[in-house]
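Taking it in order: structure first as structure tokens, then the write-up.
The values are calculated or read from the model by the stated rules, or taken from the named source; none is laboratory data. All figures in this text were calculated on a predicted structure; none of them were measured in a lab. Glycine also receives a Cβ, built like all others from the backbone with ideal geometry; neighbour counts cover every protein chain displayed.
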């Protein structure tokens, strides 16, 4: 334990440092901004792959593939059809909610489209590759992103 | 925004009156983990002033010190659940800030920050004639004595002054002294400071 004299000296030292080397006035606000920015960036959730199946229905140039992603209560179905090297994705979002859907490859947006109030959207003429789909519902700052999936 | 509360809270860990800093920090941290997002703002306002002095004790420039403090807060938010006992959140912040400061000091290859510091102090000491006149003589005397201390003593005293219960294991690494000698070293540094104060008086 510190003696009373020591405590008093430390008290004087604290006052001295506070006076001679004060914290910059904007520091607290800068920290709050940094934390706020991070909070926004984290308001997303990853939609996990639930199933990946080929269906037999509507086969023309190969059976369409259906991917299901979800994290309760959101489900996202993607139907991928391939024809002569190009690919088409039809998406359904449940529960339905309008917004914006965008496709990313390696962190870059390569296509974007509106999601209808019924939760439907589509992308056509896609090149093969690995994609992630980002869903931004209207009226929300958060977003959802799928794990990467291959289109080929 | 800034209010009277901020000003009152910007003090060092006060011993005695009201709840100690660590207890107020624990309360806010618990509230934040319980879902009150604004409690984190309160925690930042409460603890950042003390962190500033702890980090500056390592001789970091003002910009570097600001970066270290931001990194420290981001680390807390990231590992929020990693601090098991809310009562240790102040110690966690202080230790993390010191580790990060130490890392920066080592990464920039500074053996002794005294040269940079001396220059910077000159830059920092620009103040209005009015406030200079108001500064009390006692303060000047103490400041001169502190300036005459060794870098190691100055760092140790400043870290202790602004930490509730500094972690001696980490301190011993940073100051390159055995844990057991930190207490006695603190005593010697205080003695040296008192001696400098007395001789300064005699001059």
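Tabulated results
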| read-out | value |
| --- | --- |
| Residue match in the range B:80-98 (condition: within 12 Å of chain A (Cβ to nearest Cβ) and either over 28 Å from residue B:176 (Cβ atoms) or at pLDDT below 85 (or both)) | yes |
| Qualifying positions in the range B:53-74 - in contact with a helix residue (DSSP H, G or I) (Cβ under 7 Å, 6 or more places away or on another chain), in contact (Cβ under 8 Å) with a residue 24 or more places away in the chain and outside any loop (DSSP other than H, G, I, E, B) | B:53, B:54, B:55, B:56, B:64, B:65, B:68, B:69, B:71, B:72, B:73 |
| The range B:107-126, residues that are exposed (fewer than 11 other Cβ atoms within 10 Å of the Cβ) and modelled with pLDDT of 50 or more | B:107, B:109, B:111 |
| Criterion: within 9 Å of chain A (Cβ to nearest Cβ) and more than 22 Å from residue B:160 (Cβ to Cβ) - qualifying residue of B:67, B:41, B:30, B:63 | B:41 |
| Flag if residue A:14 is surrounded by 13 or more Cβ atoms within 10 Å (Cβ to Cβ), out of contact with any strand residue (DSSP E or B) (no Cβ under 7 Å at 6 or more places or on another chain) and at pLDDT below 80 | no |
| Count of residues meeting criterion [buried (at least 19 other Cβ atoms within 10 Å of the Cβ) and under 13 Å from the mean Cα position of the chain (by Cα)] in the range B:73-95 | 4 |
